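Peer 1: Below is the structure I would like to discuss, written out as structure tokens.
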Amino acid sequence: MFNSLLEILSLTRLKTRLLTLAVASVALVGCATAPDINDVEAMTEYQEINDPAEPTMRAIFAFNQALDKALVKPVAGTYRDITSEKFRAKAHNFLNNLRSPVIFFNDVLQGEFERAITTLLRFLVNTTAGILGFNDVAADLGFEFHDEDFGQTLAIWNMPEGPYLMLPILGPSNPRDAVGRVVDFFIDPLNIWATNNNQDWVIPTHTALKVIDFRALHYDTFEDLEKSSLDFYAAIRSLYRQRRTDKINNGKADPSKSIPSIGEFQEDDLDLSYSEKISQAN
């Protein structure tokens, strides 16, 4: 497991470079064949899917799946096997707390000042009374966790999301969210501190822990999705867009947007798994 973790750490060093390369190269990759312009129904579906480089994106998805099965999934499975659910929930709380400054920054940029105050209070309470965030004391006081990122901020600022992307190692995205990831990376105080103090191990370690945490929390969910999906790639694409739409609208449905269905597997299932594990830990 330790060797596998080291491999993850080394891969995360390429994060920013991969984002830049992947977004810039979209125009150069193989594209899906557009339907006959006279076929209105097919053309409408093609535009709604908005995945013009689908053949290349599917190839990247296959690579990511191979990497997951060879490395990330075994590490996450071992993590689940050797730790209790209570421990994993507390570790998840700690990682959420580390992300608080980035969430606060985006709350402010979006003009969500009440949510910004909630994020600030959560960070202060959980860092102190919650012992560095391992215990979500703030949630017990009524200050519930919410997530924000710069991709969501750009969406609030009405920047179009652009075509669907499947990034190597990093997974599903789009140009707007890819730019958001880069900005979040550079504004994160933890990354700034690590860079300025030559603590090169901090950033890849933090990233690896987040990957393992997410994969372990949703281990069974993604297993079930893969088994039940006729087209796993399309299911992930649909799920990603549902998730992002939900987050951009702060959990409130936007009637102006048509979200493609992927059956019974909904983003609420992910949120329930998070909240149930964390409530059990507390």
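Peer 1: By its C-alpha gyration tensor, with a ≥ b ≥ c as the square roots of the eigenvalues, how is the range 82-147 shaped: rounded for a/c under 1.5, else prolate for a/b larger than b/c, else oblate? Don't skip to the answer; put the middle values down first.
Peer 2: On the way: a/c = 2.49, a/b = 1.91, b/c = 1.31.
Since a/c reaches 1.5 and a/b is larger than b/c, the shape of the range 82-147 is classed as prolate.
Peer 1: First check a/c for the range 42-197, with a ≥ b ≥ c the square roots of the eigenvalues of its C-alpha gyration tensor; if it is under 1.5, answer rounded, and if not, answer prolate when a/b is larger than b/c or oblate otherwise. Before the final figure, lay out each step's value.
Peer 2: Details: a/c = 2.14, a/b = 1.33, b/c = 1.61.
The shape class here is oblate.
Peer 1: Also: Compute the FRET efficiency between Lys86 and Thr205 as 1/(1 + (r/R0)^6), taking r as their Cβ-Cβ distance and R0 = 30 Å, and round to the nearest 0.05.
Peer 2: Details: r = 22 Å, r/R0 = 0.75.
For Lys86 and Thr205, the calculated efficiency is 0.85.
Peer 1: Next question. Provide the descending list of Cα extents for the range 193-255 along its principal axes, expressed in whole angstroms.
Peer 2: Principal axes ranked by extent give 47, 31, 18 Å for the Cα atoms.
Peer 1: Given Leu132, Leu154, Phe104, which one lies farthest toward the positive end of the charge dipole of the range 48-154, if we put +1 on the Cβ of every Lys and Arg and -1 on the Cβ of every Asp and Glu?
Peer 2: The residue sitting most towards the positive pole is Leu132.
Peer 1: What are the ³J(HN,Hα) couplings of the range 145-156, residue after residue, when phi is run through the Karplus curve with 6.51, -1.76, 1.60 and θ = phi - 60°? Round to Hz, x for glycine and proline.
Peer 2: 3J(HN,Hα) across the range 145-156, in whole Hz: 6, 9, 10, 9, 9, 6, x, 5, 4, 4, 5, 4.
Peer 1: Given the options Thr205, Pro172, Val182, identify the residue whose Cα lies farthest towards the positive end of the charge dipole of the range 142-225 (+1 on Cβ of Lys, Arg; -1 on Cβ of Asp, Glu).
Peer 2: Val182
Peer 1: Let a ≥ b ≥ c be the square roots of the eigenvalues of the Cα gyration tensor of the range 162-217; is it rounded (a/c under 1.5), or, if not, prolate (a/b larger than b/c) or oblate? Please report the intermediate quantities before stating the final value.
Peer 2: Values: a/c = 2.84, a/b = 1.43, b/c = 1.99.
Cα axes put the range 162-217 in the oblate bin.
Peer 1: Here's another thing I want to ask about it. Per 5 Å bin, what percent of the C-alpha pairs of the range 118-200 does each bin hold, from zero upward?
Peer 2: Each 5 Å bin holds this share of Cα pairs: 3, 13, 15, 14, 17, 18, 14, 6, 1.
Peer 1: Please give the peptides 133-141, 194-202 ranked by average Cβ packing (other Cβ atoms within 10 Å per residue), highest first, as a rough proxy for protection. Working shown, then result.
Peer 2: Values: 133-141: 19.7, 194-202: 11.7.
Peptide ranking by packing, descending: 133-141, 194-202.
Peer 1: Any chance you could check the Cα centroid distance between the range 117-131 and the range 61-105 for me, in angstrom?
Peer 2: Spelled out, the Cα-based centre of one part sits 22 Å from the other.
Peer 1: Residue by residue, what Karplus-based ³J(HN,Hα) values in Hz, rounded to whole numbers, does the range 68-75 have, using 6.51, -1.76 and 1.60 with θ = phi - 60° and x for Gly and Pro?
Peer 2: Residue by residue, the range 68-75 yields 4, 5, 7, 10, 5, 4, x, 5 Hz.
Read-outs: derived from the displayed coordinates by stated rules, not from any lab. All values derive from a computational prediction rather than experimental measurement. Cβ coordinates were reconstructed from backbone atoms using ideal geometry, including for glycine residues, and neighbour counts include every protein chain displayed.
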